[in-house]
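So the structure is just underneath, and the comments pick up after that.
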Amino acid sequence: MKMITHLLIPALVLALSTQLSVAQDVDVDAIIQASEKAAYYAGNDGRSDARMMIVDAQGRKQMRQFTLLRKDVADNGDQKMLVFFSRPADVRDTVFRVEKHTTLGEDDDRWLYLPALDLVKRISAGDKRTSFVGSHFFYEDVSGRAVNEDLFTLMSVTDKEYVLKATPKQKDSVEFTHYTVTIDKTHFLPVLINFFNGDENYRRVEAVSVETVEGYPTVTRSKVSDLRGGGYTLMEFRNMDYDLGLSDEIFSERSLRTPPVEWLK
């Protein structure tokens, strides 16, 4: 037994020292910047059709279908986004508009156009972590959480991925105490995010399928699961295009009531 112990201890020390050496060599900020760029800033702009299948804890299903347009002001910087709903009938012509700001302390601007009331409703900063049109996605999931809102530390490194822990800088502004994010080393897309309240893992976001579209690694299917109450939403993307040369005028308030139909076909 002593011989086994004597053999194991040096091996464990070596493994630990190697792990610490790898951790010291990893630039966490660079990983986060690369991951954010891969996830939300592919190309200078983009267009895609999407469908959400919402499944509640009892297995009942709802569907949402929409077209998403996006334009970057700067890589890893400000961004403009429009989401035009086409199905089902009760959400048809609803439009979600975002002006994303990445300056620390500056909230994103979000609006929802409700055609039945001909009303533009501003979504407050406090509502960014609430349900996006009845799905398990949050408003913040759609436009992306600014990385400067959290403090990141490296948890582990393997041949294939990085695992980081993120703690919010403004703890009272969110419902989670921390989350963990797994980033694929091949394309730097976040492929798994688990949200925690204390020790409880209550929410999960997964990249179910990743494909290369026009040279850009792209999540084509994603899933959000409510681990506390049950239910999930599956989002599928298709007809994706990048670098279309979308004009700034498309992303103005005017498009809420007068959509750019040439980009929605």
Next on the checklist: Being without any contact (Cβ under 8 Å) to a residue 24 or more places away in the chain and farther than 16 Å from ILE183 by Cα is the filter here; which residues of segment 194-211 pass it?
Outcome noted: PHE196, ASN197, GLY198, ASP199
Checklist outcome for this item: Quick count over segment 227-243, residues being small (Gly, Ala, Ser) and part of a strand (DSSP E or B), is 0
Checklist entry - Of (1) under 19 Å from the mean Cα position of the chain (by Cα); (2) among the charged types (D, E, K, R); (3) over 25 Å from SER225 (Cβ atoms), ARG122 satisfies all except one. Which? => result (1)
Checklist entry - Only one residue in SER156, SER143 is modelled with pLDDT of 95 or more and either closer than 27 Å to PHE96 by Cβ or of a type in the set (S, T, N, Q) (or both), so which one is that? => result SER156
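Quick check on this structure: which one of TYR139, TYR113 is of a type in the set (Phe, Trp, Tyr), crowded, with 19+ Cβ neighbours inside 10 Å, in contact (Cβ under 8 Å) with a residue 24 or more places away in the chain and within 21 Å of ALA42 (Cα to Cα)? I'd like the intermediate steps shown before the answer.
Working: TYR113 fails: within 21 Å of ALA42 (Cα to Cα).
Exactly one of TYR139, TYR113 is of a type in the set (Phe, Trp, Tyr), crowded, with 19+ Cβ neighbours inside 10 Å, in contact (Cβ under 8 Å) with a residue 24 or more places away in the chain and within 21 Å of ALA42 (Cα to Cα), namely TYR139.
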Checklist entry - SER255 is checked against (1) surrounded by fewer than 17 Cβ atoms within 10 Å (Cβ to Cβ); (2) under 23 Å from ASP78 (Cα atoms); (3) among the small types (Gly, Ala, Ser) and fails just one. What number does that condition carry? => result (1)
Next on the checklist: It is to be established whether one or more residues within segment 98-112 are more than 30 Å from ASP150 (Cα to Cα) and either at pLDDT 95 or above or more than 19 Å from the chain's Cα centre (by Cα) (or both).
Outcome noted: no
Item to check | Within segment 137-186, tally of residues that are part of a loop (DSSP other than H, G, I, E, B) and farther than 16 Å from VAL26 by Cα | outcome: 10
Checklist entry - Looking at (1) over 29 Å from ASP25 (Cα atoms); (2) exposed (fewer than 13 other Cβ atoms within 10 Å of the Cβ); (3) in contact with a strand residue (DSSP E or B) (Cβ under 9 Å, 6 or more places away or on another chain); (4) of a type outside the set (A, V, I, L, M, F, W, C), which is the one condition that is false for TYR232? => result (2)
Item to check | Matching entry among LEU16, LEU20, LEU7 (being farther than 29 Å from TYR162 by Cβ, modelled with pLDDT under 95, assigned to a helix (DSSP H, G or I) and not basic (Lys, Arg)) | outcome: LEU7
Item to check | Residues of segment 240-258 that turn out to be farther than 14 Å from ARG70 by Cα and not aliphatic (A, V, I, L, M), as a count | outcome: 4
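The values are calculated or read from the model by the stated rules, or taken from the named source; none is laboratory data. Because the structure is predicted, anything quoted here is derived from the model rather than measured. When we count neighbours, we look across all protein chains shown, and the Cβ atoms used for this are built from the backbone with ideal geometry, even at glycine.
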